[in-house]
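Inspection log for the structure reproduced underneath, given as structure tokens.
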Amino acid sequence: MLVKSGWALCFQELGHFLGTVILGLPIALLLGLKREAVGATFSIDREPNIAIIAEKYGMDSPEGRGVMGIYICGTLFGAIYIGLLAGYIGSVKIFNPLALAMGSGVGSGSMMAAASGAITAVFPAKAKEIASFAAASNLITTIVGIYFTLFVSLPVANKLYGWLEPKIGRNSKKRGEI
């Protein structure tokens, strides 16, 4: 069953990109972040993503502060949040439990365990399949995500920052002002 859903598992990284960069970066700029927004929104900021920012910019950089801020918040609140969210969405029963299991693999073991545990509580008959899909999704997200964030998400986040910051950044000049 995992083999049949291979492309769906691979394409979920596109969703992580759209959610973090395309949606998150403009919101971060509207909240007043500057270069920290790039580090905070180029990915979901798990351990491999911290290494990418550390190598490219250094941890003392604004990007390093952004990636660490999201990492710490995700570590403290992420598992609780995703567990509650997955349990609620699972209880509504509008999605297939295997689709929810695939969505629970976000590249963080604790978040995956919390989400897949909540989904399993709602669908106990599919516990093994849920665990398999969640683990496969988490593994693929971690492996593919490193290359995707390195070669796609981070460059796009930098370009988007350069384009959006003068327009919607907190200290940018408003239209018509000199």
| task | Answer with yes or no whether Val67 is under 30 Å from Tyr161 (Cβ atoms), out of contact with any Cys (no Cβ under 7 Å at 6 or more places or on another chain), not charged (D, E, K, R) and not in a helix (DSSP H, G or I). | result | no
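Condition check ((1) at pLDDT below 95; (2) closer than 16 Å to Gly109 by Cβ; (3) buried (at least 17 other Cβ atoms within 10 Å of the Cβ)) across all residues:
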{"residue": "Val38", "(1), (2), (3)": "no, no, yes"}
{"residue": "Arg46", "(1), (2), (3)": "yes, yes, yes"}
{"residue": "Glu55", "(1), (2), (3)": "no, no, no"}
{"residue": "Met59", "(1), (2), (3)": "no, no, no"}
{"residue": "Glu63", "(1), (2), (3)": "no, no, yes"}
{"residue": "Val67", "(1), (2), (3)": "no, no, yes"}
{"residue": "Thr75", "(1), (2), (3)": "yes, yes, no"}
{"residue": "Gly90", "(1), (2), (3)": "no, no, yes"}
| Given the structure, is Ala125 under 30 Å from Lys56 (Cβ atoms), more than 15 Å from the chain's Cα centre (by Cα) and assigned to a helix (DSSP H, G or I)? | no
| query | Can you name the condition, by its number, that Val67 falls short on among (1) closer than 24 Å to Val156 by Cβ; (2) out of contact with any Gly (no Cβ under 9 Å at 6 or more places or on another chain)? | reply | (2)
| Are there any pairs, at least 6 apart or on different chains, whose C-beta atoms fall under 7 Å, with the first in the range 136-163 and crowded, with 17+ Cβ neighbours inside 10 Å and the second at pLDDT below 90 and β-branched (Val, Ile, Thr), and if so, which? | Thr141/Val106
| said: Could you go through the range 147-155 and let me know if any residue there is out of contact with any Asp or Glu (no Cβ under 8 Å at 6 or more places or on another chain) and over 22 Å from Tyr71 (Cα atoms). | reply: no
| Can you tell me which of Ile50, Ile27 is of a type in the set (Val, Ile, Thr), without any contact (Cβ under 8 Å) to a residue 60 or more places away in the chain, out of contact with any Pro (no Cβ under 7 Å at 6 or more places or on another chain) and under 22 Å from Phe151 (Cα atoms)? | Ile50
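Looking at the range 131-160, which of its residues are among the small types (Gly, Ala, Ser) and over 24 Å from Ile119 (Cα atoms)?
Ser153, Ala157, listed by residue number.
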| request: May I ask you to verify whether Lys128 is surrounded by fewer than 18 Cβ atoms within 10 Å (Cβ to Cβ), out of contact with any Gly (no Cβ under 9 Å at 6 or more places or on another chain) and closer than 30 Å to Asn171 by Cα? | output: no
| message | Please go through (1) of a type in the set (Gly, Ala, Ser); (2) touching a helix residue (DSSP H, G or I) at 6+ places or on another chain (Cβ under 8 Å); (3) modelled with pLDDT under 95 for Gly6 and return the number of the only condition it doesn't satisfy. | response | (2)
| query | Just one of Gly103, Gly83 is within 30 Å of Ala131 (Cα to Cα), assigned to a helix (DSSP H, G or I), in contact (Cβ under 8 Å) with a residue 60 or more places away in the chain and within 16 Å of the chain's Cα centre (by Cα); which is it? | reply | Gly103
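The values are calculated or read from the model by the stated rules, or taken from the named source; none is laboratory data. Please read these numbers as outputs of a predicted model, since none were measured by experiment. Cβ atoms come from the backbone with ideal geometry, glycine included; neighbour counts cover every protein chain shown.
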